[in-house]
1. Do any helices (runs of 4 or more DSSP H) lying entirely in region C:217-304 carry at least 2 residues that are within 14 Å of another protein chain (Cβ to nearest Cβ), and which ones are they?
2. Would you be able to tell me the number of residues in region A:93-114 that are out of contact with any helix residue (DSSP H, G or I) (no Cβ under 9 Å at 6 or more places or on another chain) and within 12 Å of ligand 1 (Cβ to nearest atom)?
3. Please go through region B:150-195 and pick out each residue that is closer than 16 Å to residue B:136 by Cβ and touching a strand residue (DSSP E or B) at 6+ places or on another chain (Cβ under 6 Å).
4. One residue is enough: does region C:102-112 have a residue meeting the conditions farther than 27 Å from residue C:279 by Cα and out of contact with any helix residue (DSSP H, G or I) (no Cβ under 8 Å at 6 or more places or on another chain)?
5. Could you list, in sequence order, the residues of region B:122-144 that are more than 19 Å from residue B:179 (Cβ to Cβ) and either within 14 Å of chain C (Cβ to nearest Cβ) or in a helix (DSSP H, G or I) (or both)?
6. Among the listed residues C:88, C:12, C:94, C:41, which satisfies the condition of being under 24 Å from residue C:235 (Cβ atoms) and touching a strand residue (DSSP E or B) at 6+ places or on another chain (Cβ under 8 Å)?
7. Taking the conditions exactly as written (within 14 Å of chain B (Cβ to nearest Cβ) and either touching a helix residue (DSSP H, G or I) at 6+ places or on another chain (Cβ under 9 Å) or more than 19 Å from residue C:269 (Cβ to Cβ) (or both)), does residue C:213 satisfy them or not?
8. Which residue, of A:83, A:93, is crowded, with 17+ Cβ neighbours inside 10 Å and within 12 Å of ligand 2 (Cβ to nearest atom)?
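The values are calculated or read from the model by the stated rules, or taken from the named source; none is laboratory data. Bear in mind that the values here come from a model prediction, so they are computed numbers and not experimental data. Backbone-built Cβ (ideal geometry, glycine too); neighbour counts: all protein chains shown.
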Ligand code: SF4
Ligand code: SF4
């Protein structure tokens, strides 16, 4: 009896699948839900950044770059196409200036030309 | 009939990752085969020597796309052993939880691939759908489907609250019934049994001679499981049921893996229930004192071996990774004889290829 | 003159068969997708695939015989189209004659042989393997299929499909007398169409694309069309031979019932391919000769006893 029941497991599953709605998400026509903690595009808060460069030191993909002239005068660059979205910078920053949002990131054909200027201290002072 | 050689790979519908095989056949009989590796060699061990310990976590995570977490876990335990720090018990449990989830999704993925190779596409679709539930859990708790980035040296990145634990438990219960169904199918579907029973059996002696580990070894009756044998925390406090089978053929390999999925599901529930409270991370210094260490753990495909040597700087002096697939691959040419052409996919699937792991 | 041209080109000829072939492919893919919890393709997908294939570059290995490679799909296409002319559709058959069942069966076998030849001449390792397999498979399913199909003919005392249908109008559908024969015929049809679980000659994981590995462009498009039309002709034939009792006064009702029967048969075909794994070639030969042939003979014996 048990054997016969087992024999029909697959048939059952197939019939069930036929009756139920299909599971495909028709992205991009239907919304795709990303959880709260998803590691997506990086958001940056220039006011909190102190220019310590810890995030740059720990970034495994060399996606962050800092040009430092002095303590106050520096630019912090981010290359989204190089970034591995690993979350290390968020972890390393002691001031909470850098973090992940749950937004998806676009794509590019020129990896190195896509630069975001996170902070240009000269520009912000002027 | 004459002997002809058919190339399988580097690109072939059978393979998801590049691997090159020349298989000599005569009619429908396979006479033998040879293997070429190295198509996805990325020099990760060398790269790891040029990066800091912190950066290496994310490099190591990219050795494999399926068992990424167990790689970083083993690496982190190795670094922590050199540093002489012990991570909080809660962090250990979270690491183990992720490892078990990973084992579940890896085995489900594998079962789907086997089913696809023997023409049972429905099982392929259904298991991969079920696997998606596991990936959803992992995405929810860690923020990434494949690269979880869950580990940091000294602990884990995130904590689980009650709500998430409850969510995971609900999904696991659903998965439980699905896996029962899969077990029913592999035990009763006549064509699937005919395709796998008695195909390419491996004797325990051969397993030992080639140093094969993991589910393949257990399917041949060799009782090794690093979760129990290496007793890495927190597995020393958990009861791990090791599944073995004596047949050693393709069917036994299927059976062992599906049963293991069930064991892992139970283990996940135990881990969530017994998870101790407390911190999830302790502070770890950046410089690692001189020394060397070996850590072994159980990846979904078998024993994972990490050797780490430090010269006192913030970069490792040598990192050696030994992945389970390499040994299994060396056994492949031996298996590729005295079988049918139609059995090649079954044999290949039985190895549970992870070329990216093997080549690094 | 004009009438027969209409029959040849529109109904039940070329246009109708092509459209129903594409519809079959869509339904099959859709059903399979739903069995597997997927959405499945939209209705125009098979047509779009066909147009895409026809507009693609046509490549063949250097030493392959281009003439034969072009000829073979065309021969297969014309033979399945001709077979389609003789199969009554909802009881309507313009070209019926005594013995058309044999002609249909013969014409339906032509594509398999052409498929084998296509594998041999296209000179790929996988295509040669696939071709050899298709021939081996041919010997395994064709005999039980033939024996099973001769059941209705014996009971109807005719080799003409329309006469058999008339007999069914008097006696009731033959499925009642030969359920086993019907099952065997469906199994044989699955083998003929190289569908899962008998898709051995074109098993992707074993022989890549089978005989058609090296084909591309319009030739591959023709081959796909051949497979689709072969499938619908086979389905129509089985419906006629085993469910052909409806002698409806109202043509609309007859057509409706015919369509429903076809849909059910397609559902059965898709379902079988969804829940069975592919067999090995030696297992298929064993199944064909050790199980299917004796069963078919049993059925025939029963039918002969009944007829006496
Ligand atoms: S997420 Fe990782 S790779 Fe991206 S910028 Fe931060 S540390 Fe670098
Ligand atoms: S983002 Fe944080 S870690 Fe990076 S430079 Fe600014 S303060 Fe330092």
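1. Working: elements: C:217-243, C:251-275, C:281-286.
Helices (runs of 4 or more DSSP H) meeting the threshold: C:251-275, C:281-286.
2. Here the count works out to 2.
3. Of everything in region B:150-195, just one residue is closer than 16 Å to residue B:136 by Cβ and touching a strand residue (DSSP E or B) at 6+ places or on another chain (Cβ under 6 Å), namely B:150.
4. Filtering region C:102-112 for residues farther than 27 Å from residue C:279 by Cα gives C:102-104.
Narrowing further to those that are out of contact with any helix residue (DSSP H, G or I) (no Cβ under 8 Å at 6 or more places or on another chain): C:102.
Among the residues of region C:102-112, at least one is farther than 27 Å from residue C:279 by Cα and out of contact with any helix residue (DSSP H, G or I) (no Cβ under 8 Å at 6 or more places or on another chain), which makes the answer yes.
5. Kept after step one, since they are more than 19 Å from residue B:179 (Cβ to Cβ), are these residues of region B:122-144: B:139-144.
Passing the criteria: B:139, B:140, B:141, B:142.
6. Values: C:88 fails: touching a strand residue (DSSP E or B) at 6+ places or on another chain (Cβ under 8 Å); C:94 fails: touching a strand residue (DSSP E or B) at 6+ places or on another chain (Cβ under 8 Å); C:41 fails: touching a strand residue (DSSP E or B) at 6+ places or on another chain (Cβ under 8 Å).
Matching residue, one of C:88, C:12, C:94, C:41: C:12.
7. On the way: within 14 Å of chain B (Cβ to nearest Cβ): yes; either touching a helix residue (DSSP H, G or I) at 6+ places or on another chain (Cβ under 9 Å) or more than 19 Å from residue C:269 (Cβ to Cβ) (or both): yes.
So residue C:213 fits the description; yes.
8. Values: A:83 fails: within 12 Å of ligand 2 (Cβ to nearest atom).
The unique qualifying residue is A:93.
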